[in-house]
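Report on the following structure.
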Amino acid sequence: MANLKNKMKNKTYDFLVLGAGGTGLAAAMYAARLGLKTLVLGYTSSTELPIGGVITTTHVVENYPGFTTISGPDLAKNIEEHTRSYKLVTIKGEKATEIKKLKNCFHVKTNKSDYMTKTVLFATGTRWKKLEVPGSSEFENKGISYCALCDGPLFRNKVVSVVGGSDSAAKDALLLTEYAKKVYIIYRSEEIHPEPINMERVKKNKKIEIINNTNVMGINGKEFVESVLLDKKYKGSNELKLDGVFVAIGHVVLSDLAKPLRVRLNSKGEIKINHMTSETNIPGIFAAGDVTDKPFKQLITGVADGCTAAYSAYEYITKKKL
Ligand SMILES: Cc1cc2nc3c(=O)[nH]c(=O)nc-3n(C[C@H](O)[C@H](O)[C@H](O)COP(=O)(O)OP(=O)(O)OC[C@H]3O[C@@H](n4cnc5c(N)ncnc54)[C@H](O)[C@@H]3O)c2cc1C
């Protein structure tokens, strides 16, 4: 233990944030303002989200105070730059792989190094749920995409579908009308459920056609996607010809690293937190943003809970005289 502490001298932090999405970055900023030496682990690669997290995948944000309208990547860049302006914050492109609780601190291993920290914040968010039907793996990046903002321009004058009924699905469909000549929204239940303002926009957009009460059962093509198989006939056929499928059917919560620490999760795998303080059931471990059991998941709610977590971590460190 003494050896480990010695070895880790320059790698010891007050507050270690897992995830460099909006939540983690905002938490780090607040922690630095409270004088905490802070490390943010924000893993990026061609298959992972960039720094800024999932908000970078949306073309327009209209509900973040201070910006009437701003693109997700621009908003994320502003938050990142703001966070980087604090000298007490270090952001590293590393993926946390294991966390161990020691007596009064935590040992965090990554794909490149390892660190000691007095407190940990889970701001790991979620990843896209895959469409698990025949053809979905085969045609990923060959017509199947999980990011309309990233891949939409590849479908200029093509026919595409968005699978899903959430606000994100509706926003994806609206964005895709900028490029595609036709956009179907295929949704398994009675009616899609975006924010009312986006519902209005979808209804008014002549390029969008909604196919409700229908599931995609398979994806067909030769080299690239050519059609989807529906479980119900649409306009007389179970086969819908198209060139692209954008999947927006929800998310898987990235809370696996919390399990060995006995952090309490709900049945969806979300980290249960005290909604006033962002504390988990394990002292010194906090969580905020999309990874938690807060029901309303938006950038602003994640940012707010991230700041609360930073303050709670500060109080924890101060009270325990760590
Ligand atoms: C299409 C779309 C449109 C949206 N539009 C809006 C909008 O208009 N307004 C709004 O307020 N909200 C919007 N949202 C919701 C908003 O984007 C999220 O609620 C918010 O960005 C979540 O932030 P987060 O930091 O909690 O998670 P994320 O942004 O998902 O960040 C988590 C980060 O943690 C990283 N990570 C995970 N595991 C590890 C690990 N082991 N080690 C290191 N890093 C790890 C991930 O790679 C990721 O970068 C939208 C979401 C989507 C998908």
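The values are calculated or read from the model by the stated rules, or taken from the named source; none is laboratory data. None of the values given here were measured: they were computed from a predicted structure. Glycine gets a Cβ as well: all are built from the backbone with ideal geometry, and neighbour counts include every protein chain shown. Calculation scope for accessible area: heavy atoms of the full protein, side chains included, ligands and nucleic acids excluded. Shrake-Rupley method; radii C 1.70, N 1.55, O 1.52, S 1.80 Å.
A few points about this structure:
- In summary, strands (runs of 3 or more DSSP E) completely within the range 202-265 and bearing 3 or more residues that are within 16 Å of the ligand (Cβ to nearest atom) and out of contact with any Cys (no Cβ under 6 Å at 6 or more places or on another chain) occur at 244-247, 251-253.
- Cβ-Cβ under 8 Å pairs, at least 6 apart or on other chains, the range 234-256 side at positive phi, far side surrounded by 20 or more Cβ atoms within 10 Å (Cβ to Cβ): G250/G164
- S168 within 30 Å of N63 (Cβ to Cβ), open to solvent by less than 30 Å² (accessible area, probe 1.4 Å) and within 21 Å of the chain's Cα centre (by Cα): no
- Close contacts from the range 93-118, counting a first residue that is under 16 Å from I282 (Cα atoms) and free of Cβ contacts under 8 Å to residues at least 24 places away in the same chain and a second that is within 16 Å of the ligand (Cβ to nearest atom) and part of a loop (DSSP other than H, G, I, E, B), with Cβ to Cβ under 8 Å and a gap of 6+ residues or different chains, come to none at all.
- Leading residue by the ranking (surrounded by the most Cβ atoms within 10 Å (Cβ to Cβ)) among those in the range 118-133 that are over 20 Å from G21 (Cα atoms) and not hydrophobic (A, V, I, L, M, F, W, C): K118
- Residue ID - farthest from the ligand (Cβ to nearest atom), chosen from residues in the range 275-310 that are closer than 25 Å to L102 by Cα and open to solvent by 50 Å² or more (accessible area, probe 1.4 Å): P283
- Among the residues making up the range 34-53, those that are in contact (Cβ under 8 Å) with a residue 40 or more places away in the chain and of a type in the set (S, T, Y) are T38, Y43, T44.
- The residues on offer are S227, S312, S278, and the sole one that is small (G, A, S) and within 27 Å of D172 (Cα to Cα) is S227.
- Taken over the range 105-114, the criterion of being within 20 Å of G21 (Cα to Cα) and open to solvent by less than 10 Å² (accessible area, probe 1.4 Å) is satisfied by V108 alone.
- K272 vs. criteria modelled with pLDDT under 95, closer than 22 Å to G53 by Cα, charged (D, E, K, R) and away from the ligand (no atom under 13 Å from the Cβ): no
- In the range 167-204, the residues that are modelled with pLDDT of 95 or more and small (G, A, S): A169, A170, A173, A180, S189
- Options T69, T47; residue that is closer than 28 Å to K171 by Cβ, in contact with an Asp or Glu (Cβ under 7 Å, 6 or more places away or on another chain) and surrounded by fewer than 18 Cβ atoms within 10 Å (Cβ to Cβ): T69
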